[in-house]
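What follows is a short report on a single structure.
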Amino acid sequence: MKIVPLLALTALVAGCATVPPPPAGPRLDHSLTSRAQSDRIKYIIVHYTVSDTPRSIRTLTTGDVSAHYLLTDTEQPFFYTLVDESRQSNHAGYSSWKIYNQLNAASIGIEIVNPGFKETPEGRVYAPFKQAQIDQLILLLKDIVKRHNIAPGNILGHNEIAPQRKQDPGPLFPWKQLADAGLIPWPEPSRVAARLPGFQEQLPEVAWFQRKLAEHGYAVPQTGELDQATRNVISVFQTKYRPALYDGTPDAETAAILDVLTSPVPIVPAAAAPADGGP
């Protein structure tokens, strides 16, 4: 007669026992790391805003375009951080460089407040950049390059990744200052001068320019014809490396610069030491 109440009490106690809730999310183990990985950020793209600081802020914070950084044109320029580097900003649009397309996903975008250009009876006139802006830009670029291990050839202008539709940062952007700061490669003047006479004597065919421009990184037609698309790419190349003349004409100086940039510097082997170790 006492066994039944005891069983009922046991069942009651078991029913009142606390059951742990199921886990709220997936069970994750962070103890392992794959060797086959790299930083998402491969490129830095430089732009100008074609506007003043207030309108640039409004465009980049309330519109469909954005950038990670906005460099003001104030007396003491500074950067607004508009998009965290861990997130994608919409600054590159339809773009291409070497094996990468749609560079938004693999780049950091930097917008510099600058009015861009205006059309005049004498032609298109570009606005210069303030030196204080370039000084700040170089500091930021060095910081980003160090943190993300950006290759020197991967700091580019918007016009380089979209040569058929963009002009920024334009021919007055001082790329040479970035080269002098050790941020981007630059054609060695002596090597350019050594190649120039040969190209003056015999200018390569258009197909050569197209092939070399593609090797450098540009998306360029490979038709052998000097069409407008090819001229646009040549013009963009000239605005960076030969801004004194950027009419898109494939001339000898452009060929010499392009040849140097796409030809590795020859490595001269060190002289072998004497067998006896003497002088």
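Every number here is computed from the coordinates shown, using simple stated rules; none is lab data. Since this is a predicted model, take the numbers as computed values, not measurements. With ideal geometry, Cβ positions are generated from the backbone for all residues, glycine too; neighbour counts draw on all protein chains shown.
Observations, loosely collected:
- Extension gain, ARG165-ASP180: 0.36 nm per intervening residue step, less the Cα-Cα distance, totals 2.5 nm.
- Mean residue ellipticity, 222 nm, helices only, the chain: the sum of -39500 (n - 2.57) across DSSP H runs of n ≥ 4, divided by residue count and rounded to 500, is -11000 deg cm²/dmol.
- Extension gain from ALA193 to THR249, taking 0.36 nm per residue of separation minus the Cα-Cα distance: 18.3 nm
- Between the Cα long axis of helix 206-216 and the first principal axis of the chain there is an angle of about 40°, rounded to the nearest 10.
- Packing-based exposure ordering (other Cβ within 10 Å, fewest first) of ILE110, ILE41: ILE41, ILE110
- Normalised by the number of residues in the stretch 43-180, the mean separation of alpha-carbon contacts (under 8 Å, six or more apart) gives a relative contact order of 31 percent.
- Folded to 0 to 90 degrees: helix 131-148 orientation relative to the chain principal axis, Cα: 50
- The chain - percent relative contact order, Cα under 8 Å, separation 6 or more: 16
- Cβ-based net charge around ILE257, under 11 Å, with every Lys or Arg adding one and every Asp or Glu removing one: +1
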